[in-house]
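Inspection log for the structure reproduced underneath, given as structure tokens.
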Amino acid sequence: MRPSQQMRDLGVVQHGAGILAEAARAFGLHAERDEAERTTDELFAAMERIGQVHPFAKGMGIAAPQIGIARAAAVVQPPGDAPATILLNPRVIDCSEEMDEQYEGCLSFFDVRGLVPRPLKITVETTALTGETVITVYERGLARLIHHEIDHLDGLLYTARMRSGVDPIPVEEYRQAGRAWAYEQ
């Protein structure tokens with residue numbers, strides 16, 4: 001079974017679906033707190049299902065549009081025992097000029113990996129369930145994971161960030177090359 005088919009069977013919306021190309025609708029917090037909590041619960045449930053069939057040693061994330069919900073919510077699970085990061089109405093408000101280029105995968109087209117340049121440090125504004133604005137700085141691998149999920153909420157796939165002339169490679173070729181982007185603290 002192709003990796004993308006496996007993700008489809010686990011409830012992950014696949015490349016080509018319109019919801020992945022549209023900006024997600026923000027939550028009006030705290031008025032929509034219950035809906036935001038339900039969406040977050042569904043994201044955690046999807047991560048649990050996916051994690052049972054595929055190990056993510058370098059962390060993983062999933063955005064609400066990837067499970068068919070057009071709302072601005074995502075969850076990122078860093079590697080190891082670090083707690084998950086919940087992103088509601090996230091927005092990158094600053095990023096470093098220093099970049100690096102690493103391979104990324106995406107649950108919505110899991111058959112390939114792409115070499116993606118991203119800033120090494122990003123500042124993100126989110127909304128807490130109580131409606132307060134929270135600003136957090138993320139660096140290196142966690143910044144990459146967070147930025148990837150925020151892109152989903154903006155209707156972008158990582159291929160939109162790849163350099164011109166660089167194409168994704170089949171996952172089999174990626175594995176044979178032994179290349180993997182590393183989560184760095």
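Normalised per residue, the accessible area of region 22-154 is 44 Å², obtained with a 1.4 Å probe and no contribution from ligands, DNA or RNA. Rounded to the nearest 500, the 222 nm mean residue ellipticity of the chain from helices alone is -8500 deg cm²/dmol, with -39,500 (n - 2.57) taken per DSSP H run of at least 4 residues. Each pair of Cα atoms in the chain enters the Kirkwood radius, and Stokes-Einstein at 25 °C and 0.890 mPa s then converts it into a translational diffusion coefficient of 148 µm²/s.
Could you look at the chain and say what percent of its accessible area is carbon and sulfur, using a 1.4 Å probe and all protein chains? Write out the running numbers ahead of the final one.
Details: 4350 of 9120 Å².
Result for the chain: 48 percent of the exposed heavy-atom area is carbon or sulfur.
For Thr133, the solvent-accessible surface with a 1.4 Å probe is about 90 Å², rounded to the nearest 10.
In plain terms, the chain from His15 to Gln52 could stretch by 11.1 nm, reckoned as 0.36 nm per residue minus the Cα-Cα distance.
Ranked from the most accessible area to the least, with a 1.4 Å probe and all protein chains present, what is the order of Phe110, Phe44?
Details: Phe110 10, Phe44 75 Å².
Output order, biggest surface exposure first: Phe44, Phe110.
The values are calculated or read from the model by the stated rules, or taken from the named source; none is laboratory data. Computed from a prediction, not measured in an experiment: that's the story for all the values here. Each accessible area value is taken on the protein alone, full model and side chains, heavy atoms only, with ligands, DNA and RNA left out. Shrake-Rupley method; radii C 1.70, N 1.55, O 1.52, S 1.80 Å.
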